[in-house]
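The values are calculated or read from the model by the stated rules, or taken from the named source; none is laboratory data. Model, not experiment: these values are computed from the prediction. Note: ideal-geometry Cβ built from the backbone for every residue, glycine included; neighbour counts use all protein chains shown.
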Amino acid sequence: MNKSSGIFGFVVVIIFGSLWTALAIGMTSAAPDEMPFTMVKVIFPAFGFLFIGLGVFNLVKTVKSKNKNEHSDLYYTDSEETEEKEYKVYRADKSKKCPMCHSTVSESQKFCTNCGNKLDE
């Protein structure tokens with residue numbers, strides 16, 4: 001996800017949270033002040049405030065990271081060549097192939113560990 005679409009998404013979340021809060025307060029304001037309705041009057045709008053808070057937090061975090069990495073393209077590009085690493089393979093002991101299954105076995109083995117074939121000495 002690029003940063004401009006992220007910023008747009010968080011703005012949409014903030015707008016959604018604002019609408020949710022306004023509608024929730026409008027719908028629950030006519031509810032009686034008895035116990036179960038009092039909880040609904042608090043919890044239902046609280047989700048809107050949660051959306052607004054998360055949207056603002058992520059928006060600020062995204063904008064800060066965008067400003068921090070604003071000049072990173074000057075130093076790192078996709079077209080730069082990377083170093084190729086060379087790997088050397090060392091064998092711990094001499095090995096040979098099983099004539100039956102062609103798996104690698106050490107010279108000290110008398111039987112193949114893969115297929116159980118008796119090996120020539």
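Brief remarks on what is shown
- Options Lys96, Lys61, Lys41, Lys66: the member that is closer than 30 Å to Val13 by Cβ, surrounded by 12 or more Cβ atoms within 10 Å (Cβ to Cβ), modelled with pLDDT under 85 and not polar (S, T, N, Q): Lys66
- Applying the criterion of being of a type in the set (A, V, I, L, M) and part of a loop (DSSP other than H, G, I, E, B) to the residues of region 1-38, the residue that is surrounded by the most Cβ atoms within 10 Å (Cβ to Cβ) is Ala31.
- Any hit, region 4-14, residues being modelled with pLDDT under 85 and of a type outside the set (Ser, Thr, Tyr): yes
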